[in-house]
1. Within the chain, what whole-number % of the accessible surface is contributed by carbon and sulfur, with the 1.4 Å probe and all protein chains included in the calculation?
2. More than 20 angstrom separation, counting every C-alpha pair in segment 259-337; what % is that?
3. How big is D, in µm² s⁻¹, for segment 67-149 by Stokes-Einstein at 20 °C and 1.002 mPa s if Rh is the Kirkwood radius over C-alpha pairs?
4. For ILE373, list long-range residues whose amide hydrogen, built 1.01 Å from N in the peptide plane, is under 5 Å from its own amide hydrogen.
5. Can you run phi through the Karplus equation (6.51, -1.76, 1.60; θ = phi - 60°) for segment 357-362 and list ³J(HN,Hα) in whole Hz, with x for Gly and Pro?
6. Within segment 204-285, list the GluC sites (Glu not before Pro) lying in a DSSP loop whose Cβ has at most 13 other Cβ atoms in a 10 Å radius.
7. What 222 nm value per residue comes from the helices of the chain, counting each DSSP H run with n ≥ 4 as -39,500 (n - 2.57) and dividing by all residues, nearest 500 deg cm²/dmol?
8. If each residue of separation counts as 0.36 nm, what is the full-extension length gain between GLN509 and ASP262 once their alpha-carbon separation is subtracted?
Amino acid sequence: MSSTTPSPWWRSAVIYQVYIRSFADGDGDGVGDIAGLRSRLPYLKSLGVDALWINPWYKSPMADGGYDVADFRAIDPLFGTVADAEQLIEEAHRHGIRIIPDIVPNHTSNEHAWFRAALDAGPGSPERARYIFRPGRGPDGTQPPNNWVSCFGGPAWTRIPDGEWYLHLYAPEQPDLNWQHPDVHAEFESILRFWFDRGVDGFRIDVAHGLAKDPELPDLTREQIVHPHWDRDEVHDIYRAWRQVADEFPGERAFVAEAWADTPERLAAYVRPGGLHTAFNFDFLMASWDPKDLRTVIDDSLAMLSGVGAPATWVLSNHDVMRHASRYARRTVARWVPNERYQPEGPVDLELGTRRARAAALLMLALPGGAYIYQGDELGLPEVEDLPEDVLEDPIWERSGHTDRGRDGCRVPIPWSGQAEPFGFSPDDAYAGPWLPQPTSWGERSVEAQTGDETSMLELYRTALRLRRDHPALGDGTITWQDAPAGVLAFHREPGFLCVVNLSDDAYQLPEHTAILLASGPVADGRVEPEHAVWLAV
Ligand code: GLC
């Protein structure tokens, strides 16, 4: 960028998502933790990421992998202590890596002190007013207050012994907070300050689009224009206040919203001036592996976000969705239906999925804005689609009546080294196996196996991140599409950079260039094969 003040870090950061339960186990109990993460900071440094988003590490009964928080100012003993977190933040900063924990404001755990007090205090009490309690419908109040459904299946309401019902858009162990209550606002602003004081560089906001509910709690209907609990305009008031809290602290603290919005316009509303800094662009993740679909998503996202002065963020996988190496392993990747779980069809061709994942990485990392890497993306890990039923932990499995296996397949502990479980995930003298079993074949995908192998996914990511850091055209900025045959995406970035992704069925003769900076596969006679991408100096 040509401006004299450097653009803030969050406009172009590569953020690595640490699903802490599955990243690295320091104490041998089979669950990842802060000690394990600290020991792997040199790896993350050498990979070349700018920041880590860490999934919830707070005290939790783990009904939803830590997204059911019992105490936001304590670290769960599974992961360590607040002192460990402080040490991690300090060490990461010494490596030049920022830390962004998750914050979960839509709900607490049913074991949170507030919810326990609410249960004890009884109907009509001030304690209940911090959550969403209502009498039931029907003569005996045996019907839920409305027809809302839980994202994990079944009704969004649970009845308690005194006859009242409480709302939970997720599991019954995750009661929704009442964001019309001033205590809730004050408490979360205080929690933000607690962690900002400890040096965190920002937060990923869980279910950022869910906090505001229609006070009338109307039934869901097919016709509604404004949804009663998703993406309501009132949420933005909350985030304007949060932005002010972040701005109280030095050092460009930044938010990223997990906001599932129906249109790029609705998403852009979260990142207007005075609001949040960034929001995940799930349209990119949900796009099919199709040149038209991808180009539309890229253009619409860039247009909408630049319209409000915000950077785009690009993401291919996370702990909630099927890993993209497996999504793309289906020859036809159907476009995802928003608000529905992705149900892929057709035979799995992992070689194809891997080729596409390599090309997708170069596409994503060449686009303007920030990018997210989910742990294991850089190893090309596929979804583990055959976990035995008796190890599944995701509440979706139970709540769907065993019709949806849930999200455990993308949460399997990652392989670091060796040829057998736990593949370096846990120390040699571990007293427990990994909390989810690892495929026996994962030795060949480990960090150790891929390091130094120029053809590996890991070295592709490492090189791409190094080039991205050094090349003045990459990161924040704009793109210009170049003419190319149908099925080929080619865009130029100033100065002197061209990204070409070949999604057609034919090899593509590269345009004039001074050098091939990086390619996702072999380029012979200047031709890039189908399902491959190339970065060129032009
Ligand atoms: C978000 C998280 C997901 C969690 C849910 C409820 O969507 O990413 O993992 O289950 O919120 O907190």
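The values are calculated or read from the model by the stated rules, or taken from the named source; none is laboratory data. What you see is a predicted model, and the numbers here were worked out from it, not measured in a lab. Here the Cβ positions follow ideal geometry from the backbone for every residue, glycine too, while neighbour counts run over all protein chains shown. To get the accessible areas, we keep the full protein, side chains included, count just its heavy atoms, and leave off ligands, DNA and RNA. Shrake-Rupley method; radii C 1.70, N 1.55, O 1.52, S 1.80 Å.
1. On the way: 10410 of 21000 Å².
Here carbon and sulfur together make up 50 percent of the probe-accessible area.
2. On the way: 994 of 3081 pairs.
Roughly 32 percent, rounded to a whole number.
3. Working: Rh = 16.0 Å.
The Stokes-Einstein estimate is 134 µm²/s.
4. ILE15, TYR16, GLN17
5. 5, 5, 5, 5, 4, 5
6. Working: sites: GLU216, GLU223, GLU234, GLU248, GLU252, GLU258, GLU265; in loops: GLU216, GLU223, GLU234, GLU248, GLU252, GLU258.
Listed in order of number, the matching sites are GLU216, GLU223, GLU234, GLU248.
7. Details: 14 runs with 135 residues, N = 538.
Mean residue ellipticity, 222 nm, calculated: -7500 deg cm²/dmol.
8. Numbers: separation 247, 0.36 × 247 = 88.92 nm, distance 3.79 nm.
Length gained, GLN509 through ASP262: 85.1 nm.
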